[in-house]
Amino acid sequence: FVLSHVGNNVLRKQPRYSKRVNRDQNGTDYPPPCDSDIYCYGKLLHTVQMAHLVQDSKTFVDQKMLHPPDVVKQNFGTFISATLGHPTKEQTRQFVEENFGQSGTELESWIPSDWTESPRFLEGIKDPDLRQYGKELNDIWKTLGRKINPEVRDNEDMFSLIYVPNPVMVPGGRFTEFYYWDQYWILKGLLICEMHISVRGMIENFLHMISRYGYVPNGGRIYYSRSQPPMLIPMVKDYVDATGNWTFVRTHLDTLDKEFRFWMTNRTIDVLKDGRTFRFVRYNNELTGPRPESYREDFYLAETLHTKAEKDELFINLKSGAESGWDFSSRWFVSDEAFSAGNLKDIKARDIIPVDLNAFIYNNAKVMASFHRQFKFHESANYYDDIASEWLHNINSVLWNDTRGCWFDYDVQKGELKTEFYPSNIFPLWANVTIGNDKKYTASRVVEYLHSSGALRFPGGIPTSMEHSGEQWDFPNGWAPLQHLVVDALDHAGYLPAQFLAVDLAERWVRNNYRAFRNSNNTMFEKYDVQSVGAPGGGGEYEVVVGFGWSNGVIIDFLSRYGEFLTGFV
Ligand SMILES: OC[C@H]1O[C@H](O[C@H]2O[C@H](CO)[C@@H](O)[C@H](O)[C@H]2O)[C@H](O)[C@@H](O)[C@@H]1O
């Protein structure tokens, strides 16, 4: 097996990105987000998106074509000539209506065959109102399941939707397709609700994506040609922990190697500090043009810049920010004024070494080592262990600040840490990164840091940052995946004050979600306001979305973990 394609030598020979690559001031020609000159770039896309027919730019790029692409392009040519290159809004609307159908018809509702009415975790919830809440969350899975219509498989070029063989769980609302990192928390919820067959199918979809594209895309549309936080390997770990199905792991080990290799090949960067070189991963999507699903927003932002090189750099950074899953956040802003001050036009996502992504890679290397060792592939297991050791060393050498007692993102251009609060600062603890090989000591420093950061002051959970930027991944929003990784990190830290804090934070989050649910005719939101208890979050480039996959998964996990302690929820 293995060393033929994941061995040290092969991987180490892969090209590494340097911060100087493709920074040609005259403007390098970067490719567009995908090959489709209807959905990803070109005059048709520009004309329709800039006509502002609907509020949400994602609506158009999700619509299927009513005719084959060549016919649609021919019709567009005729339409542009007939309108002398300046169609009115109503003419453009008519062109769209004649050539594109409503979005959503390519997906059918799907009720998982392994869905059950009363999964066992409900029995462990003491509070009757919370138990009822858990039951209603389990019901919501039936509304988020989708099966892709075979017409997508048979006529792929007429859709932006990517065909996958097994049904999916969507986040909800405008997000009618699968999303990469969302699925980690969705699968946690499904496993607790005992839907093992469905989970296996959804993991297989992602493996299928890797075989086809070499990576798991941000979401299930052709315009999402970037990845998202690499959580597939932890998904497989959760699945095998729940089912003991090692045959599945053995069958797909090569594909998981490939997923790991994608990040090592395409997303690494060397950082020079005190005369030494440290290897890290970063988010970096070197494709130009506006994001098709937010075309108008990106286009207007770029209009404030002058040169092609500046615009390319902005477009790349916007897509790199989207790849982080934190789209968008002051976390990625770098301006000359002060740390994180500025706005979206100051986005420099690919110049930041993200502490969370590097913690995920460390964790993935450890999990991959354990998978390989399970099958006695000792050489390849050692290879992954070597990567894990390298990442442990680099994370602690460059990202740890001993005075503050935590890890931080690193700004490559300024050569310094970004010391603002973000929950992601503590994710190395989640990945079992320790300082001085002492887990308890590490946890105690992180707990002190959380207290001193001011992030524990809020009744509704941990804020995404302390910055009121108006972006959705900032104050006062709290997001389910961040609450979960913080709670999980503290819970398994082997240090009692951390475990108490974990229960406290989980309770705040459950209370916030529960109250909002009852206040809103039983709705789960994609994000919440942590300043109060019972209100959804806001900000960013689209209206708050309901559904909602990862919010459900995280509450189910917290109810299953702490259901015997949580009371007083009437
Ligand atoms: O359309 C704008 C952006 O929407 C997505 O991002 C947000 O929703 C995702 C699904 O819940 C979530 O994974 C992401 O963290 C959110 O910021 C999409 O992922 C972006 O790529 C897209 O530009």
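Accessible surface for the chain, divided over its residues, is 37 Å² per residue with a 1.4 Å probe.
Other residues with beta-carbon under 9 Å from the beta-carbon of V487 carry, at +1 per Lys or Arg and -1 per Asp or Glu, a net charge of -2.
In vacuo Debye scattering of the range 82-210, one point per C-alpha: log10 I(q)/I(0) at q = 0.09, 0.10, 0.18, 0.20 Å⁻¹? The Cα Debye sum returns log10 ratios of -0.38, -0.44, -0.99, -1.14.
Cysteines in the chain that lack a partner Cβ within the 4.7 Å cut-off: C193, C406.
Entry for the range 292-363 at q = 0.18, 0.28 Å⁻¹: log10 I(q)/I(0) = -0.71, -1.37, Debye formula applied to identical alpha-carbon scatterers, no solvent contribution.
The value of relative contact order for the range 396-549, using C-alpha pairs under 8 Å at least six residues apart, is 20 percent.
Pairs to check: K258/K527; K135/K439; K58/K527. Give those whose C-alpha atoms are more than 25 Å from each other in this structure.
K258/K527; K135/K439
Values of log10 I(q)/I(0) for the chain across q = 0.06, 0.12, 0.13 Å⁻¹ run -0.29, -1.28, -1.51, by the Debye formula with one identical scatterer at each alpha carbon and no solvent.
If you roll a 1.4 Å probe over the chain with all protein chains in place, what percent of the accessible area is carbon or sulfur?
For the chain, the apolar C and S fraction of the accessible surface comes to 49 percent.
Normalised by the number of residues in the range 317-457, the mean separation of alpha-carbon contacts (under 8 Å, six or more apart) gives a relative contact order of 20 percent. Heavy-atom accessible area, probed at 1.4 angstrom with all protein chains present, ranks M524, M466 as M466, M524, highest first. Placing a label point 7 Å from the Cα of S118 along the Cα-to-Cβ line, no residue of the range 521-564 has its backbone N under 12 Å from it. Taking every alpha-carbon pair under 8 Å whose residues sit at least 6 apart, the range 75-169 reaches a relative contact order of 27 percent.
Scan the chain and hand back the longest stretch that contains none of the GluC sites (Glu not before Pro) lying in DSSP loops with at most 15 other Cβ atoms within 10 Å.
On the way: sites that count: E117, E337, E543, E564.
That would be 118-336.
Membrane-span-like helices in the chain, defined purely by DSSP H runs whose alpha carbon atoms cover 18 Å or more axially and whose average Kyte-Doolittle hydropathy reaches -0.5, are 69-82, 196-213, 355-374, 496-519, 549-562. For a paramagnetic label modelled on H451 (point 7 Å from Cα along Cα→Cβ), amide N atoms under 12 Å away belong, within the range 496-522, to 497-498, 501. Between T247 and N382, the modelled label-to-label distance comes to 3.2 nm, taking each label 7 Å out from Cα in the direction of the beta carbon. Value of Rg to Rh for the range 159-310, rounded to two decimals, is 1.04; Kirkwood radius and Rg both from alpha-carbon coordinates.
The values are calculated or read from the model by the stated rules, or taken from the named source; none is laboratory data. Note that the coordinates shown come from a computational prediction; the quantities given were computed from them, not determined experimentally. Using ideal geometry, Cβ is built from the backbone for each residue, glycine included, and neighbour counts are taken over all protein chains shown. For the accessible areas, the whole protein counts, side chains as well, though only heavy atoms, and no ligand, DNA or RNA atoms are used. Shrake-Rupley method; radii C 1.70, N 1.55, O 1.52, S 1.80 Å.
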